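Contents: one structure, followed by commentary.
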Amino acid sequence: MSQNEASYTVRSLIVTAVVAAIGTVLVLEMSGKISHSENKDHMPVGDFQAIHVTEEDPFRMSPKASELHAVCENGYLAIAADVDPSFRGILVDYKNRGVRCSRPSPTGPAVLPAPETPDTNE
């Protein structure tokens, strides 16, 4: 190598890469390009899978229990956290349709409450 060529150490290259990454995140944050959702109502609670269980095939699952439990909310299956039961989400399929926890009766009342109508007598 000639004296005009600069040689860089591995440490200086790593420090440069870390500083560049932090600087990029800071610039994107300050310019508003990174969005932080304040509305937690439409955030997924978790990712679930349905496993087809038959008598012939052995079924294995973890012996540890999940930190979630299921409840029936207005005829639909809701998943709630054990540590915070108010943190609850309705289980939906891939087309965002609710998973029922009971089959609706054809002669029974509607599963979902009727929409509220404003009182026009006031």
- Task: Could you run through the range 1-44 and say how many residues are modelled with pLDDT under 70, open to solvent by 100 Å² or more (accessible area, probe 1.4 Å) and over 30 Å from L91 (Cβ atoms)?
- Result: 4
- Is it the case that the range 70-79 has a residue that's modelled with pLDDT of 80 or more and either open to solvent by 100 Å² or more (accessible area, probe 1.4 Å) or aromatic (F, W, Y) (or both)? yes
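The values are calculated or read from the model by the stated rules, or taken from the named source; none is laboratory data. Predicted model only: the values in this text are computed from it and were never measured. With ideal geometry, Cβ positions are generated from the backbone for all residues, glycine too; neighbour counts draw on all protein chains shown. These accessible areas exclude ligands, DNA and RNA; they are computed on the full protein's heavy atoms, side chains included. Shrake-Rupley method; radii C 1.70, N 1.55, O 1.52, S 1.80 Å.
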